[in-house]
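Step one of this worksheet: look at the structure below.
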Amino acid sequence: MSEPLVLGIESSCDETGVGIVRGQEILANEVASSVDQHARFGGVVPEIASRAHLEAIGPTLERALATAGIDPSELDGVAVTSGPGLMGALAVGVAAAKALAYAWNKPLYGVNHLAAHVLVDELDHGPLPLPALALLVSGGHTQLLKVEDLLTGITEIGTTIDDAAGEAYDKVARVLGLAYPGGPVIDKAAQQGDPRAIAFPRGLTARHDLAKHRFDFSFSGLKTAVTRWVELAERDGREVPVNDVSASFQEAVADVLSAKAVDACRFHEVDTLVLGGGVAANSRLRGLLEERCGDAGITLRRPRPGLCTDNGVMIAALGVEVIRHGGRPSPADLGADAGLPVSRVLV
Ligand code: KG4
Ligand code: ZN
């Protein structure tokens, strides 16, 4: 049998993504982002995101089909992010996927956004050796996952107890007067700064925290520490060294994420770590993980930065995986589930 051909739709946050994948080959990766419309609010505004998805979904779909040069009749299925994410945003993608699957008479697969972030690396580096651990870091999530089976065996072993890593980037960028989203701009500013200039706190790494939260994360204390440091400097009339603050903040984030990920691999006796989510595009996190995984004998798998942020290709790739393994299509009344747990890969 030839490789499954799947169209994937992603609309869980502020990116409208349509991807078309055949087996392991990306035929189209079209993404329309509403990020500019959220910039002045310093974070994603759900109502604005939903409206932007409605406007973008048609044109994005048409571009993807044209780029791939396929006819919908050739498809083996339509996959869509069913959750987790923003309810109103998810609903647009799910409604579109249901309409297309019905009109084209194709099976519909409602899938999990987080599992798709984990799986997308397979497009770059082939089948993921299992068991593996996944470090998923985005604007909405910061999790350590144990992956024993990509469709039926993903369990959370750690998560943030407050902010997500990407959220901390976005908030610190606002404090420093930098653009939104904060990740890419802080990443850039940090390259000109000294990561040892300021000793910012590493959340949940003290001995008493490790007892209960060994594999969990906390970034709200770090965010507050950066805010206080900047406020004090401004109060004293000192110029804020944006590059040094960025580098020191970024070092604290990358240090904690990589240390806990490596510790989790050792504890669970797993020798493959896969990265995913928007913050996985961060240069320091990628570099520090490479160093620490190398020292610990762990194979690090990192998708190209362009596949780390939200896109339709990762959803299509998960659809391909589901079809390969004979997963049953989702019911025609498939809904959006804002709180879909990571253990539920196919809805
Ligand atoms: O996975 P994603 O595209 O959307 C969510 O599901 O949240 O992640 C978006 C997040 C934003 O918070 C953004 O600031 C962050 O990823 N991000 C980065 C970088 N590029 C994007 N954070 C740090 N360094 C980067 N280079
Ligand atoms: Zn995401």
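The values are calculated or read from the model by the stated rules, or taken from the named source; none is laboratory data. Keep in mind that this is a model prediction, so the values were computed, not measured. Because the Cβ atoms are built from the backbone with ideal geometry, glycine has one as well, and the counts that use them run over all protein chains shown. These accessible areas exclude ligands, DNA and RNA; they are computed on the full protein's heavy atoms, side chains included. Shrake-Rupley method; radii C 1.70, N 1.55, O 1.52, S 1.80 Å.
What to note about this one:
- Solvent-accessible area, 1.4 Å probe, carbon plus sulfur percent, for segment 261-325: 43 percent
- Size of segment 1-133: Rg and Dmax of its alpha carbons, in Å, are 15.0, 50.
- For segment 1-127, accessible area per residue (1.4 Å probe, heavy atoms of protein chains only), Å²: 40 Å²
- The residues 142, 152, sorted by heavy-atom accessible surface at 1.4 Å with ligands and nucleic acids left out, run 152, 142 from largest to smallest.
- Peptides ranked, highest mean first, by Cβ atoms within 10 Å: ranges 331-338, 185-192: 185-192, 331-338
- Paramagnetic label zone (point 7 Å from Cα along Cα-to-C-beta, residue 41; backbone N under 19 Å) in segment 76-98: 85-93
- Candidate lysines - alpha carbon under 26 Å from residue 212, same-chain residues fewer than 8 apart omitted: 146, 223, 260
- For segment 221-238, 3J(HN,Hα) computed residue by residue from phi via the Karplus equation (6.51, -1.76, 1.60; θ = phi - 60°) reads x, 5, 4, 5, 4, 5, 4, 4, 4, 5, 4, 4, 4, 5, 4, 7, x, 8 Hz, glycine and proline entered as x.
- Helix axis angle, 283-296 relative to the chain longest principal axis, alpha carbon, degrees: 90 degrees
- Global form of segment 76-184, assessed from the alpha-carbon gyration tensor, a/c cut-off 1.5: oblate
- Cα-based equivalent ellipsoid of the chain: semi-axis lengths in Å, sorted from largest, via gyration tensor: 35, 23, 16
- Per-atom-type breakdown for segment 171-229 gives carbon and sulfur 53% of the accessible area (1.4 Å probe, protein chains only).
- Once the 1.4 Å probe is applied to the protein heavy atoms, segment 128-304 comes out at 44 Å² accessible per residue.
- Rounded to the nearest 10 Å², the accessible area of residue 240 at probe 1.4 Å: 30 Å²
- Ranked order, 167, 239, 148, 47 - accessible area, probe 1.4 Å, largest first: 239, 47, 148, 167
- Peptide packing for 314-323, 78-87 was compared via the average number of neighbouring C-beta atoms within 10 Å per residue; ordered from the highest value, the list is 314-323, 78-87.
- Candidate lysines - alpha carbon under 23 Å from residue 106, same-chain residues fewer than 8 apart omitted: 98
- Under 5 Å from the amide H of residue 337 lie the amide H atoms of 83, each residue being 5 or more positions distant or on a separate chain, with H modelled from the backbone and absent for Pro and chain starts.
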